[in-house]
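Worksheet: one structure, shown below.
The values are calculated or read from the model by the stated rules, or taken from the named source; none is laboratory data. In this text the structure is predicted, and so the values were computed from the model without any measurement. Glycine gets a Cβ as well: all are built from the backbone with ideal geometry, and neighbour counts include every protein chain shown.
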Amino acid sequence: MSTDTPPADTVSGERYVAVQRSDEFAGLRRALRGFVFPMTVAFFLWYALYVILSAYARGFMGTKLFGSNINVALVFGLLQFVSTFLIAWLYARYADRKIDPVADRIRAEMGEVSRADDSRG
């Protein structure tokens, strides 16, 4: 073994840092933040509206919509679940189109580099 060769974990660490600094990885992070931050803010505001209306607009939230037991508060509460599942579905679609292909490409490139390192060592 040559003393000039750095340890394998140092080489791998340097590669991970190089990937992290790459334009492709930066684009991946931008794409993720471009979905996650706005969706988180939108959901938080929607949830805050529900809580604030429940606390301060009891008359409105108690308004009967259908029959004797279905009111605005119940519908808003159920819509919280619907919006959660909708966001999860939208994220899955977004990730399939924008995030996963880039992440798979980066992972494949890292795998090729790791296999080349293994064959040298």
(request) May I ask you to list the residues in region 20-32 that are surrounded by 12 or more Cβ atoms within 10 Å (Cβ to Cβ) and not in a helix (DSSP H, G or I)? (result) 22
(request) Report yes if residue 17 is part of a helix (DSSP H, G or I) and modelled with pLDDT of 95 or more, otherwise no. (result) no
(request) Please indicate, with yes or no, whether at least one residue in region 40-49 is at pLDDT 95 or above, farther than 30 Å from residue 98 by Cβ and in a helix (DSSP H, G or I). (result) no
(request) Check whether at least one residue in region 81-94 is in contact with a helix residue (DSSP H, G or I) (Cβ under 6 Å, 6 or more places away or on another chain), at pLDDT below 95 and part of a helix (DSSP H, G or I), and report yes or no. (result) no
